[in-house]
Amino acid sequence: VQPHKEAHTLRRFDGPNTMDPAIWESLLCAIGGGFFMGLYPLFIKTQPVLDAKVHPVVFQLYKSTLVFLTGWLLLIPRLARTLPPGEPVFAFSWWGVCSAAFWVPSGLLTIASVPLIGMAMQVAVSCAANAILTFLVFWLVFKSKMKEYPLDGGGHYFRAPIYLAATVLGMFCLIFAPKIALKLGMEAKDGKPTARKGVSEKEKLLPINSLDDEEDQKSKSASEYSLFVLGMVLSVFCGVFAASQYAVLTVAKTAQENANHCSFKNASNPCSPTITESYDNFGSWLVSFGIGALGVTLTLLLIVSLVRAARGQAPVSLHWDVLKRSGVAAGVCWSIANFLIIAGNVIHGNAVIMAQTLSFQIITSGLFGMLWYGEGGGKGSKIVWTIAAAWTLTSMIMLGLEKSK
């Protein structure tokens, strides 16, 4: 019996039978989720939104409202069919509200950190923190199983961390493609410096060389360094909050299984219909998430309004004339992305789905930046970006194949 078992193990890890259909289903969800997640910032950067100087909480309100509405839309199929006795149409979960409570701060931290360190660095740091934290926590803490490979001298090793590191490296290369091209001399022929991305408004308004006094220059350099460190810290926490948003679902299910001695996956010991429905990723869970998202955002908007009133400032404008298009479009894109990411998480687990999604999110943003806004520098920068994109896509696919059955 033992030789047959060993042969089966080898075929499972190294042979053609390793291609589990779920792997490709989750990969498609990661690609779709990353695409729409990378697409929605396109509407934040439109000129009408920039000219209107929309308050970040107001833009978040439009996104949260769309998330709230799309969650309820998912319950329509349940209303249209006859449910088994005892199965509710909707079951509220405070865990969904908790997940949303991590989502809103993640967006606000992004808004706060971009002016300090620039968009390029912010995206790289937050996505890397998100990918690394998600993978390590779900692998080491929640015991998501990864494929093991034997060593000649005995023991085993994992390839998943290698592919994770390669994915993160690819992320940084995508973000810093113009600087890499300049360093390699690939932009030297045309003599035009590559445009710097993510320059803060403070740098635009107060360049260092505009200060004549040497002491003022030193003081300003120290101040900018402090702001840079602050921006880096905020970006890391942005990635932590983003990873926590999706981790809450796994934590919640584990807590319910332990508390009620039931299982969401084992049909011989199922959880009650109410508990099962409250964590339905395509039903009540997203409704609870939407309630939490809208509630947290409205609370923040109330706080902002009270602060402005105390200072004698005008009320916050909702800018319906501008955001009825851009705000709604951003909310729809994010809702679709969230739906697909959760679907991928259900199919294949959070340990790999987030790294894949983040990779394609950066690739999508880079493509729209080059094609829509004309970003990306010269020909050399685009060549570096293309190579980095191919590297990142290959790494994230290989990472997805490392999930054990």
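The values are calculated or read from the model by the stated rules, or taken from the named source; none is laboratory data. Keep in mind that this is a model prediction, so the values were computed, not measured. Note: ideal-geometry Cβ built from the backbone for every residue, glycine included; neighbour counts use all protein chains shown. The protein model used for the area step is the full one, side chains on, heavy atoms only, and it has no ligands, DNA or RNA in it. Shrake-Rupley method; radii C 1.70, N 1.55, O 1.52, S 1.80 Å.
Here are the numbers for this structure:
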quantity: Residues of the stretch 305-326 classified as closer than 19 Å to residue 40 by Cβ and either in contact with a strand residue (DSSP E or B) (Cβ under 9 Å, 6 or more places away or on another chain) or open to solvent by less than 60 Å² (accessible area, probe 1.4 Å) (or both), total; calculated: 4
quantity: Residue selected from the stretch 133-160 under the condition assigned to a helix (DSSP H, G or I) and surrounded by fewer than 16 Cβ atoms within 10 Å (Cβ to Cβ), by the criterion modelled with the highest pLDDT; calculated: 136
quantity: Residue check, residue 296 β-branched (Val, Ile, Thr), surrounded by 14 or more Cβ atoms within 10 Å (Cβ to Cβ), in contact with a helix residue (DSSP H, G or I) (Cβ under 8 Å, 6 or more places away or on another chain) and at pLDDT 95 or above; calculated: yes
quantity: Tally, over the stretch 1-48, of residues that are at pLDDT 50 or above and surrounded by 11 or more Cβ atoms within 10 Å (Cβ to Cβ); calculated: 27
quantity: Any hit, the stretch 302-312, residues being charged (D, E, K, R), free of Cβ contacts under 8 Å to residues at least 60 places away in the same chain and in contact with a helix residue (DSSP H, G or I) (Cβ under 9 Å, 6 or more places away or on another chain); calculated: no
quantity: Residue selected from the stretch 226-283 under the condition under 23 Å from residue 338 (Cβ atoms) and assigned to a loop (DSSP other than H, G, I, E, B), by the criterion most open to solvent (accessible area, probe 1.4 Å); calculated: 265
quantity: Residue 92 vs. criteria over 25 Å from residue 356 (Cα atoms) and either acidic (Asp, Glu) or modelled with pLDDT of 90 or more (or both); calculated: yes
quantity: Failed item in (1) modelled with pLDDT under 75; (2) open to solvent by 10 Å² or more (accessible area, probe 1.4 Å), with residue 109 passing the rest; calculated: (1)
quantity: Residues of the stretch 43-84 satisfying the condition of being within 21 Å of residue 97 (Cα to Cα) and aromatic (Phe, Trp, Tyr); calculated: 59, 62, 68, 72
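Let's see how each residue does on (1) open to solvent by 20 Å² or more (accessible area, probe 1.4 Å); (2) charged (D, E, K, R); (3) at pLDDT 70 or above:
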residue: 328; (1), (2), (3): yes, no, yes
residue: 333; (1), (2), (3): no, no, yes
residue: 336; (1), (2), (3): yes, no, yes
residue: 341; (1), (2), (3): no, no, yes
residue: 352; (1), (2), (3): no, no, no
residue: 356; (1), (2), (3): no, no, yes
residue: 359; (1), (2), (3): no, no, yes
residue: 367; (1), (2), (3): yes, no, yes
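Results for (1) under 17 Å from residue 276 (Cα atoms); (2) open to solvent by 80 Å² or more (accessible area, probe 1.4 Å); (3) in contact with a Gly (Cβ under 8 Å, 6 or more places away or on another chain), shown as yes or no for each residue.
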{"residue": "57", "(1), (2), (3)": "no, no, no"}
{"residue": "73", "(1), (2), (3)": "no, yes, no"}
{"residue": "89", "(1), (2), (3)": "yes, no, no"}
{"residue": "96", "(1), (2), (3)": "yes, no, yes"}
{"residue": "105", "(1), (2), (3)": "no, no, no"}
